[in-house]
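The values are calculated or read from the model by the stated rules, or taken from the named source; none is laboratory data. Just so you know, these numbers come straight off a predicted model, no measurement behind them. Reconstructed Cβ throughout: ideal geometry from the backbone, glycine too, with neighbour counts over all protein chains shown.
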Amino acid sequence: MRQKINRRFTGIALFSVVITTIVMTAVFYSQLKKQVFSDLAVVADLLTEEDSCEREIDNLRITLIDADGNVLFDSTVDGQSLANHLDRPEIAEAVSYGTGMGIRKSDTLSESVFYYAKKLDNGQILRVGKEAHSVVAVLSSALPMVLTTALLLAAICLMVSHYLTSAIVKPIDEMAGDMEHIDEGKSYPELIPFTRKIRLQHEEILSAANIRQEFTANVSHELKTPLAAISGYAELMEAGLVDEKEIKRFSGEIRKSAARLLTLINDIIKLSQLDAGNAKDTLDVVNLAEIAKESVEMLSFGAAKNGIEVMYEGDDRADVHIGKELAQELTYNLIENAIRYNKQNGRVTVKVQKEGTQIIFSVEDTGIGIPPEHQERIFERFYRVDKSRSKELGGTGLGLAIVKHICNLTDADVNLMSKPGVGTKIFIVWDRGSA
């Protein structure tokens with residue numbers, strides 16, 4: 001960018017210098033031409049006043065022509081050898097208007113000559129000429145000064161171009177060098193929206209990097225616990241250090257740890273797929289009420305073992321653009337969560353309702369509830385209100401994070417109401433009118 005701006009500034013500067021030099025030369029030549037004609041006019045007037053037209057003056061050609069165009073006198077050549085001059089432009093102009101001027105190549109001298117012609121009172125024409133090479137010599141003598149000035153201007157322009165380029169690029173360099181402390185006051189007003197966008201993206205990238213780092217650390221920790229349990233129990237059994245009575249219990253612990261490990265891996269895979277956005281291609285319209293009923297039926301049997309009642313209320317049909325797989329994941333996770341953190345002989349109420357343009361899916365339990373200070377963070381990955389209780393109940397800490405991802409993917413709002421010791425209600429809203 002810096003080089004491109006510098007090249008353009010330099011190109012504009014040099015172009016301007018060249019144009020200026022040409023214009024200055026043209027103006028100088030124009031003024032010099034006027035001065036030459038003015039000097040020739042003064043000479044003609046003096047010769048007329050002195051009544052001595054037939055004379056020789058250094059570097060000037062004096063010609064006297066009668067009214068018929070015949071040359072009576074020429075200071076350079078024999079006048080009798082010259083052809084009739086009545087057709088010469090400057091002579092014809094003098095005959096018509098009293099004076100005439102012109103620059104043309106002389107047939108006699110074989111070079112360009114400045115001519116000034118004046119009509120005398122007796123009808124004769126006095127013409128004074130000056131060879132062009134003398135004028136060019138004057139112009140040439142000034143050319144070194146013009147070129148020197150042009151080169152000096154070019155050098156100044158190059159330095160100014162370099163300075164302006166640095167001044168223009170400096171705020172951008174500072175912005176790129178310190179994204180954490182961008183001072184908008186030092187930037188250009190036009191760059192402020194761009195600066196804000198870059199800062200926001202930079203903060204988002206840092207946040208995403210921190211989330212990934214934290215997620216990686218949490219995954220490692222969560223995987224280590226069941227793997228260590230499986231490895232420890234298996235090692236004891238392999239070494240023959242377990243009584244036959246304890247083998248069944250150890251086998252059960254290994255099975256539980258393996259099941260926890262499998263659940264955790266499945267949740268991680270699901271979360272990774274949602275992060276990648278691959279699930280968006282599978283979205284289609286499904287009956288959420290039907291899928292919610294299926295999840296209730298699947299989870300009711302296990303919940304009943306702890307005396308927890310799971311019931312469905314609401315409409316029989318509610319179409320949502322979510323896709324069957326994500327709908328199953330969403331409903332299953334929320335209902336399973338409500339069962340897992342419920343109380344003995346508790347209740348879970350699942351509802352799907354249509355209210356105007358909205359579809360509302362809610363899961364309400366009579367469980368342990370969530371303290372207010374934890375409610376904003378429960379949708380974070382691996383976040384647990386009570387870590388020991390959660391692991392004991394088999395929670396991975398990813399269920400609600402998956403729910404949140406699905407809501408973001410399907411343009412749904414997720415809300416929570418909870419009171420410790422009373423229960424929790426999570427409800428998700430899709431607004432079909434805003435689509």
task = Determine if the stretch 205-223 includes at least one residue that is free of Cβ contacts under 8 Å to residues at least 24 places away in the same chain and closer than 14 Å to Leu261 by Cα.
result = yes
ask   = For the stretch 186-224, what are the residues that are under 20 Å from Ala401 (Cβ atoms), β-branched (Val, Ile, Thr) and at pLDDT below 75?
value = Ile211, Val219
task = Determine which member of the set Phe28, Phe37 is among the hydrophobic types (A, V, I, L, M, F, W, C), surrounded by 15 or more Cβ atoms within 10 Å (Cβ to Cβ) and either in contact with an Asp or Glu (Cβ under 7 Å, 6 or more places away or on another chain) or farther than 30 Å from Leu120 by Cα (or both).
result = Phe28
request  = Confirm whether Val17 is assigned to a helix (DSSP H, G or I), buried (at least 17 other Cβ atoms within 10 Å of the Cβ) and touching a Leu at 6+ places or on another chain (Cβ under 9 Å).
outcome  = yes
key: Contacts under 8 angstrom Cβ, first residue in the stretch 59-80 being over 13 Å from Val113 (Cβ atoms), partner part of a strand (DSSP E or B) and of a type in the set (Phe, Trp, Tyr), 6 or more apart   = Leu64/Phe73; Gly79/Phe73
inquiry  = Any residue in the stretch 286-298 that is over 17 Å from Thr410 (Cβ atoms) sitting within a Cβ distance under 7 Å of a residue that is surrounded by 23 or more Cβ atoms within 10 Å (Cβ to Cβ)? List the pairs, counting only those 6 or more apart or interchain.
reply    = Val296/Val310; Val296/Ile335; Val296/Val350
key: Verdict on Val363 being touching a His at 6+ places or on another chain (Cβ under 7 Å), β-branched (Val, Ile, Thr) and either within 17 Å of Val403 (Cβ to Cβ) or surrounded by fewer than 16 Cβ atoms within 10 Å (Cβ to Cβ) (or both)   = no
inquiry  = Restricting to the stretch 33-82, give me the number of residues that are assigned to a loop (DSSP other than H, G, I, E, B) and either of a type in the set (Phe, Trp, Tyr) or modelled with pLDDT of 85 or more (or both).
reply    = 6
